[in-house]
Amino acid sequence: MSNVAQRLKRCSLPIRLLLEAKSCIIALETCRGDVYRGFCADIQESINIRLTNVTLTKRNGTSFELEQVYLRGSQIKFVVLPDQLRVRYEKELEKVLELHQLKEEERGRQRARVRTT
């Protein structure tokens, strides 16, 4: 098993999706509201991302073309990944959604118990 395959296997699903997005065009929004769209050259497990051929759209709507940008994971609000990754991980994503729904239902039951007592 290659080093990359071992690295992917031990990561959580969100990190695995990000690592698979390397060599794809992605879009992301920072905490400041700026949107970056470009070719993903490198992603680290700490969600630090290096993009090349970037279009930066500022919060006020002005756009800039940048050759390269490096973004710290702590400054990233969300990442928009290509649809091909969603198709590839469809079964795993469904499991995560089912678990999330079960947790929400359990929370609702616990709140109902607290209110009735």
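Using the Karplus relation 6.51 cos²θ - 1.76 cosθ + 1.60 with θ = phi - 60°, the per-residue 3J(HN,Hα) values for the stretch 55-68 come to 10, 9, 10, 6, 4, 7, x, 6, 10, 9, 9, 10, 6, 7 Hz, with x marking Gly and Pro. Backbone geometry of the stretch 81-86 corresponds, through the Karplus equation with coefficients 6.51, -1.76 and 1.60 at θ = phi - 60°, to 3J(HN,Hα) couplings of 9, x, 4, 4, 6, 4 Hz, x marking Gly and Pro.
Laboratory data are not the source of any read-out in this text; all were calculated from the coordinates shown. The structure displayed is predicted, hence computed values, not measured ones.
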